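First the structure, which I've put down as structure tokens, then a few questions once you've had a look.
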């Protein structure tokens, strides 16, 4: 059941671009695990499955979840004080290796910039 009110100490969660719709297209067990990791982030913690995202500096994390032979990822940031921004949710489809596609990496960088701009507008600071 979804909560309508925030709990004391809970950071607001913001979705950038199509990240929410993309996450909702994942299998339910994957949605649950990623949702739990995001909830932990909202309370200032780091879920065991959240790992630093390389390339964008501190405060950007990815949650990787495997389900029935497929790999799903969600990338979020806690870089901005008092807020969590979900930058991207995607199914990894690299034909070889573990490298994330250039398209996804570039999209995450763009959305991180969008999150920064949104935070500045909402809160008047970075």
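What follows is calculated from the coordinates using simple rules that are stated; it is not laboratory data. These figures come from a predicted structure and were not determined experimentally. Glycine gets a Cβ as well: all are built from the backbone with ideal geometry, and neighbour counts include every protein chain shown.
Could you tell me the extents of the chain's C-alpha atoms along the three principal axes, largest first, rounded to whole Å?
43, 33, 24 Å, listed from the longest principal axis down.
I've got another one for you. Between 98, 34, 108, find the one with the highest GNM mean-square fluctuation for the chain; connect C-alpha pairs within less than 10 Å.
Highest fluctuation among the options: 98.
Still on this structure: For n ≥ 4 DSSP H runs only, could you compute -39500 (n - 2.57) per run for the chain, divide by its residues and tell me the 222 nm figure to the nearest 500?
That calculation yields -11000 deg cm²/dmol at 222 nm.
Where does each of 23-30, 82-89 land if you order them by average Cβ count within 10 Å, highest first?
Averaged packing, sorted descending, gives the order 82-89, 23-30.
Compute a Gaussian network model of the chain, connecting alpha carbons closer than 10 Å, and tell me which residue from 44, 57, 17 fluctuates the most.
Taking springs between Cα atoms under 10 Å, the residue moving most is 57.
For region 13-123, give the share of DSSP beta bridges that are antiparallel, in percent and rounded to the nearest 5; count only bridges with both residues there.
85
Now for a different question. Relative to the longest principal Cα axis of the chain, at what angle does helix 102-123 sit, 0 to 90 degrees, rounded to 10?
Between the helix axis and the principal axis of the chain, the angle is about 10 degrees.
Give me the angle, in degrees from 0 to 90, between the Cα long axis of helix 28-42 and the longest principal axis of the Cα atoms of the chain, rounded to the nearest 10.
30
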